[in-house]
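Here is the structure we will look at, set down as structure tokens.
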Amino acid sequence: MNNSNLENIAKLMVAPSKGILAADESTGTIKKRLDSIGVDSNEKNRRTYREMLFTAPEIEKYISAVILFDETLRQDSSSGKKFTKILEEKNIIPGIKVDKGTWPCPGFNEYPITQGLDLLKQRCDEYYELGAKFTKWRAVIKIINSFTPNEVIEANALALALYASTAQESGLVPIVEPEVLMDGNHEIDTCQKVTETTLRIVFDKLNQFNVNLNAIVLKPNMIVPGSDSDQDINYSEVADKTLYILSACVPKSVPGVAFLSGGQTEIQATENLNYMNQSTNLPWEVTFSYGRALQQTALNKWGGKDSNILNSQKAFIHRAKMNSLAHEGKYISDLET
Ligand code: 13P
């Protein structure tokens, strides 16, 4: 795969009025989601749930790409067709999570570090053969008592850079996801400080390892207070602080920023994205790559029952459409009713 192909794929992933569905919950995480609606997490139920999302009518109007987990990338749908094929027939780009989750960081055991560099090149080469066009690696940066050691950020950023370089060498566009977690009681300024340090170090490392920045998608957190903080913040403050930090740290050559939702409510995630896109002259596309903020209502409405599939798909498409409007700065809350 040459550079211009990779750059084209990255641009398509963040195309105007579209965004990315994160449906790459690991086996442990999808079990938590299905447990929450009283559904057993077996292969058949996971397939039914994901098939319901991917076959939702008009998904292709709002969703450019879907991040899959290993099981789903290899899986046939109920019709016997591979999920990758179902997505490609709708011009939706299939991608794959390649990290192996988190582990206590050596020397700083309270803080996580993401694993998965062992045999990463072989995994990426195989995923390319299986039809993936892009990959995702999530680095998790935890704030404890309003503090994260630089060493932990450095180690996570080094892994992200080695991953991104490996993915591009295998012909895959890397989604680079440094997530500063919402967990904790810190205030918004702490999130801002840690996110700024993280993004600066991540881009230093990406440059050191010769990552082509025209062929990545950055997936950061928004700048928000910790989930246990009682600080009251409105969406303009989140959006202004987030854009301020992105402008300081993210080179203009990056084609797109696709946010994670990270524990925000569905509506908050849409409002914040919308407000950012009301700014003029953003140098990158600014869009969504949400998991929970696209799926939560749909998951609840499904509840594991075939008779609820249509209603669940409607709820999923509604969120996809609201976020598609937010990518254009054209969302209005009246559309929620
Ligand atoms: P959330 O939007 O639920 O944070 O998930 C996005 C994601 O892909 C996390 O890695």
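The values are calculated or read from the model by the stated rules, or taken from the named source; none is laboratory data. Just so it is clear, the structure is predicted and the values come from calculations on it, not from any experiment. As a convention, Cβ positions derive from the backbone with ideal geometry for all residues, glycine included, and neighbour counts pool all protein chains shown. All accessible areas refer to the heavy atoms of the entire protein, side chains included, with ligands and DNA or RNA removed. Shrake-Rupley method; radii C 1.70, N 1.55, O 1.52, S 1.80 Å.
List pairs: first in region 281-300 and more than 13 Å from the ligand (Cβ to nearest atom), second at pLDDT 95 or above and open to solvent by 50 Å² or more (accessible area, probe 1.4 Å), Cβ under 6 Å, 6+ apart or cross-chain?
Pro283/Lys252
Against the definition (away from the ligand (no atom under 16 Å from the Cβ) and closer than 27 Å to Pro225 by Cβ), how does Gly304 come out, yes or no?
no
Among the listed residues Thr265, Thr270, identify the single one that is buried (at least 20 other Cβ atoms within 10 Å of the Cβ), within 16 Å of the ligand (Cβ to nearest atom) and hydroxyl-bearing (Ser, Thr, Tyr).
None of the other options fit; the residue is Thr270.
Please state which one of Ser261, Ser229, Ser289 is closer than 19 Å to Tyr62 by Cβ, modelled with pLDDT of 95 or more and in a loop (DSSP other than H, G, I, E, B).
On inspection, the qualifying residue turns out to be Ser261.
What's the number of the condition Thr55 fails, among (1) among the β-branched types (Val, Ile, Thr); (2) buried (at least 19 other Cβ atoms within 10 Å of the Cβ); (3) closer than 27 Å to Glu328 by Cα?
It fails just one condition, (2).
Test of understanding: among Lys44, Lys32, Lys61, which residue is exposed (fewer than 14 other Cβ atoms within 10 Å of the Cβ), among the basic types (Lys, Arg), more than 15 Å from Gly256 (Cβ to Cβ) and in contact (Cβ under 8 Å) with a residue 40 or more places away in the chain?
Testing whether each residue is exposed (fewer than 14 other Cβ atoms within 10 Å of the Cβ), among the basic types (Lys, Arg), more than 15 Å from Gly256 (Cβ to Cβ) and in contact (Cβ under 8 Å) with a residue 40 or more places away in the chain leaves just Lys61.
Looking at Leu53, Leu73, Leu117, Leu87, can you tell me which residue is in contact with a Phe, Trp or Tyr (Cβ under 9 Å, 6 or more places away or on another chain) and either modelled with pLDDT under 95 or assigned to a loop (DSSP other than H, G, I, E, B) (or both)?
Sole residue among the options that is in contact with a Phe, Trp or Tyr (Cβ under 9 Å, 6 or more places away or on another chain) and either modelled with pLDDT under 95 or assigned to a loop (DSSP other than H, G, I, E, B) (or both): Leu117.
Ser279: modelled with pLDDT of 95 or more and either in contact with a helix residue (DSSP H, G or I) (Cβ under 9 Å, 6 or more places away or on another chain) or of a type in the set (Phe, Trp, Tyr) (or both), yes or no?
It is false that Ser279 is modelled with pLDDT of 95 or more and either in contact with a helix residue (DSSP H, G or I) (Cβ under 9 Å, 6 or more places away or on another chain) or of a type in the set (Phe, Trp, Tyr) (or both).
Consider Lys18 carefully, then state whether it is buried (at least 19 other Cβ atoms within 10 Å of the Cβ) and basic (Lys, Arg).
It is true that Lys18 is buried (at least 19 other Cβ atoms within 10 Å of the Cβ) and basic (Lys, Arg).
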